[in-house]
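Throughout, read-outs are computed from the coordinates displayed, never taken from laboratory work. These figures come from a predicted structure and were not determined experimentally. So basically every Cβ, Gly included, is an ideal-geometry build from the backbone, and we count neighbours across all protein chains shown.
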């Protein structure tokens, strides 16, 4: 019995040894095949790092016409701000009340900036077009900016009757003003501003061109200050 047990153990060890040799041979073959494959085709290509995104280019300068629209400030000021605005737009009202006074005090009154107002009445503001036409009728009598201020100070009360009332309060010739408004005398003039604004890339209000560089929206005063100072430095 002892001899048989010893023979059995020896047999099992031999089998285990043979299996080990076979496994080593297979692994060696795989390694060799991999080396051959790499030698033939090379290592798998690695994804090349993508080039860094190009730095954003500064906005292009736009040549914007002042047309014959109202100007606030001296005509030979080194910086011109052309505003495209909508009298019924709440953001335009915000610019009027929160930002324009600081620009006027620091830059317009000092002769560094002139402001040009152009119309851009948005279709979903029903009083924007009539108000713009009324302001043009006030301009006809030399009172555009007074009428401009009156509208923005009373945006919640805009109406045909209100425009005629404000014209009276500002001392305009009411018969002339009323006839001008009722006839739609400046309807095409207002639409011309809108069409030209669209051609310059204006799509919303307020939009500004500071020596041709566009600033969109009722930005805080600091944004305008930075743009104006850059324009002054460039002159």
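Odds and ends about this structure:
- Label positions at residue 223 and residue 61, each projected 7 Å from the Cα along the C-beta direction, are separated by 2.2 nm.
- Three-way shape label, the range 126-235, alpha-carbon gyration tensor, a/c 1.5: prolate
- With 0.36 nm allotted per residue and the present C-alpha distance subtracted, the residue 122-residue 154 stretch has 9.7 nm of extension available.
- With both labels modelled 7 Å from their Cα along Cα-to-Cβ, the residue 203 to residue 187 distance reads 2.9 nm.
- Between the range 94-111 and the range 191-235, the Cα center-to-center distance that results, in Å: 14
- Förster-model FRET efficiency, 45 Å R0, residue 230 and residue 165, C-beta, rounded to 0.05: 0.60
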